[in-house]
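**Q** I have a structure I would like to understand better, so I am pasting it below and will then ask my questions one at a time.
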Amino acid sequence: MSKKVLMILTSHDRMGDSGKPTGIWSDELAVPYYGFRDAGIDVVLASPRGGVVPFDPNSLKPAGENDAEVDRMLADPVAQAAIRNTVPVASVNAADFDAVFFAGGHGTMWDLPGDAGVTRAVESAWGAGKVVAAVCHGPAGLISAKDPDGKSILNGRRVSGFTDSEENAVGLTSVVPFALETRMRELGGLFEHGPDWQPFAVTDGKLVTGQNPASSGLVAEKVLGLLQAG
């Protein structure tokens, strides 16, 4: 039977009160999406609101100027249909999938942590022993989820995500609702990272997290490794 991955994306398109547009960071969707699809894995895209999802305009260039996977996504009618018609995450049973994957982009910081459907998806997948993964700001989708014992699923586990240093470097420390690295540490996560902007990802059991956009492929590879191992 084919493996299935649920990719959960943000529905949020504005950076707080700044009015600046945001959304998904394109590489963080495109690179894992094709990593999974090219491996023969079925991919379903979901979001808190369902329907079309926003992209951070800073992550998209004219066709032919993006990374190969992003240009492929822009020209792929199957991918474009999925992006325009994401499934409302609250309507999905995440335990029916082999893995749940959170793409990043700053939009995640506003809508994923407080979304009951997102939290339920993570907790049901985790409770069923499925792979749970996130990259860059995607771990914002994990911070409300708890183990059956009531503790954060990050507690005592090796994790990574967009660092406070990287947030400061892009000038958004005062814009985001919280600092992701700091919050993950507060929840008991054993936060690890590499140099700013360099690929870095960690696996702890069936939890896989990556630091930044450059880590998207590495996180996808680690997820594939876990899926292939059974």
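**Q** Given N residues in region 39-162, what is its alpha carbon radius of gyration divided by 2.2 N^0.38 Å?
**A** On the way: Rg = 15.2 Å, N = 124, 2.2 N^0.38 = 13.7 Å.
Cα-based Rg divided by the globular estimate yields 1.10.
**Q** A follow-up question, please. Any number yet on Rg/Rh for region 112-158, C-alpha, Kirkwood?
**A** 0.92
**Q** What share of Cα pairs, in percent, lie more than 25 angstrom apart in the chain? Walk me through the intermediate numbers first.
**A** Details: 8216 of 26335 pairs.
Tail of the P(r) past 25 Å holds 31 percent of the pairs.
**Q** While we're here: Just to confirm the filter: which GluC sites (Glu not before Pro) across region 1-73 are DSSP coil and have at most 15 other Cβ within 10 angstrom of their Cβ?
**A** Of the GluC sites (Glu not before Pro), the ones in loops of region 1-73 whose Cβ has at most 15 other Cβ atoms within 10 Å are Glu65.
**Q** At 1.4 Å probe radius, can you tell me the per residue accessible area of the chain in Å²?
**A** 41 Å²
**Q** Show me the trypsin sites (Lys or Arg not before Pro) within region 4-85 that DSSP assigns to loop and that have at most 14 other Cβ atoms within 10 Å of their Cβ.
**A** Answer in residue order: no site qualifies.
**Q** Also, I was wondering about something else. Using the Karplus curve 6.51 cos²θ - 1.76 cosθ + 1.60 with θ = phi - 60°, work out ³J(HN,Hα) for each residue of region 88-97 in order, rounded to whole Hz, and write x for Gly and Pro.
**A** For region 88-97, the Karplus-derived couplings read x, 4, 5, 8, 10, 9, 4, 5, 7, 9 Hz, x marking Gly and Pro.
**Q** Which value at 222 nm does the chain reach when only helices count, each DSSP H run of 4 or more adding -39,500 (n - 2.57), with the total divided by all residues and rounded to the nearest 500 deg cm²/dmol?
**A** -8500 deg cm²/dmol
**Q** Suppose every K and R has +1 on its Cβ and every D and E has -1 on its Cβ; what is the size of the dipole of region 1-148 about the Cα centre, in Debye to the nearest 20?
**A** Approximately 300 debye in magnitude.
**Q** Scan the chain and report its longest stretch carrying no chymotrypsin sites (Phe, Trp or Tyr not before Pro) that are both in a DSSP loop and have at most 15 other Cβ atoms within 10 Å. Present the calculation step by step, with values, prior to reporting the outcome.
**A** Details: sites that count: Phe178, Trp197.
The segment 1-177 is the longest one with no such site.
**Q** Using the Karplus equation 6.51 cos²θ - 1.76 cosθ + 1.60 (θ = phi - 60°), what ³J(HN,Hα) coupling, rounded to whole Hz, does each residue of region 64-70 give in order, writing x for Gly and Pro?
**A** x, 10, 8, 4, 4, 5, 5
**Q** Taking amide H atoms as placed 1.01 Å from N in the peptide plane, list the residues 5 or more away in sequence, or in a different chain, whose amide H sits under 5 Å from that of Phe101.
**A** Leu6, Met7, Ile8, Ala133
**Q** Of the beta bridges DSSP finds with both residues in the chain, what % are antiparallel, to the nearest 5?
**A** Working: 7 of 29 bridges.
Close to 25 percent.
**Q** Find the centroid of the Cα atoms in region 101-119 and in region 172-230, then give the distance between the two in whole Å.
**A** When both Cα centres are located, 14 Å separates them.
**Q** For a test of the definition: using alpha carbon positions, the gyration tensor, and the 1.5 limit on a/c, classify region 129-192 as rounded, prolate or oblate.
**A** prolate
**Q** Tally up the carbon and sulfur contribution to the accessible surface of region 129-222 as a whole percent, 1.4 Å probe, everything protein left in place.
**A** 51 percent
**Q** If you don't mind, there's one more thing I want to ask. Considering the Cα trace of region 149-230, what is its radius of gyration and what is Dmax, both in angstroms?
**A** Computed over the Cα atoms of region 149-230, radius of gyration and Dmax are 13.3, 42 Å.
**Q** Could you go through region 150-164 in sequence order and give the Karplus-derived ³J(HN,Hα) for each residue, using 6.51 cos²θ - 1.76 cosθ + 1.60 with θ = phi - 60°, rounded to whole Hz, and x for Gly and Pro?
**A** x, 8, 4, 5, 7, 4, x, 10, 5, 9, 9, x, 4, 7, 4
**Q** Give the long-range amide H neighbours of Phe55: residues separated by 5 or more places, or on another chain, with amide H under 5 Å away, using H modelled in the peptide plane at 1.01 Å from N.
**A** Ile24
The values are calculated or read from the model by the stated rules, or taken from the named source; none is laboratory data. It should be emphasised that the depicted structure is a prediction, and the values quoted were computed from it without experimental measurement. Cβ coordinates were reconstructed from backbone atoms using ideal geometry, including for glycine residues, and neighbour counts include every protein chain displayed. With ligands, DNA and RNA removed, areas are computed over all heavy atoms of the protein, side chains included. Shrake-Rupley method; radii C 1.70, N 1.55, O 1.52, S 1.80 Å.
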